[in-house]
Amino acid sequence: VQLQASGGGEVQAGDSLRLSCAASGQTFSSYAMGWFRQAPGKEREVVVVTSSSGDYTRFADSVKGRFTISRINAKNTVYLQMNSLKPEDTAVYFCAATKTFGQPPARESEYDYWGQGTQVTVSS
């Protein structure tokens, strides 16, 4: 599976952005998908993960109520809608995939495929 993330940019605090992650291959519906981020000088952390069917989702506490994730399996694409952005959301955002069903894993080490990352910068 090859992943291509897009949609990052520079915004003001309170603005919204939508990130997209397009996957290659014909078995996208077999993969749990996740969004992770890495801020300067910090370790990469999970933002949100969703199951292969989209029925199960797990959010980091820091983004609950502000971010949503959706996937359209017919388009091999997963989206991250980010609302009410804060300066602390500034990071490089990565999408990731792992072939599994049921509850999506939340640990970075459990994801086998990674996109190249897209920069999100939120200014105050």
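The values are calculated or read from the model by the stated rules, or taken from the named source; none is laboratory data. These numbers were taken from a predicted model, which means no experiment stands behind them. Note that each Cβ is placed from the backbone with ideal geometry, even for glycine, and that neighbours are counted across all protein chains shown. Note: areas computed on protein heavy atoms with side chains; ligands, DNA, RNA excluded. Shrake-Rupley method; radii C 1.70, N 1.55, O 1.52, S 1.80 Å.
Restricting attention to the stretch 1-23, which residues are open to solvent by 50 Å² or more (accessible area, probe 1.4 Å), of a type outside the set (A, V, I, L, M) and under 22 Å from residue 106 (Cα atoms)?
2, 4, 6, 18
Would you point out the residue of the stretch 93-124, among those that are over 19 Å from residue 73 (Cα atoms) and outside any strand (DSSP E or B), that is least open to solvent (accessible area, probe 1.4 Å)?
117
What residue, among those in the stretch 57-75 that are open to solvent by 70 Å² or more (accessible area, probe 1.4 Å) and in contact with a strand residue (DSSP E or B) (Cβ under 7 Å, 6 or more places away or on another chain), is nearest to residue 100 (Cα to Cα)?
The extreme case among them is 58.
Tally the residues that are modelled with pLDDT of 95 or more, part of a loop (DSSP other than H, G, I, E, B) and not hydroxyl-bearing (Ser, Thr, Tyr), restricting the search to the stretch 3-29.
Residues that pass the stated criteria total 5.
Taking the options 66, 37, name whichever one is under 18 Å from residue 117 (Cα atoms) and modelled with pLDDT of 95 or more.
37
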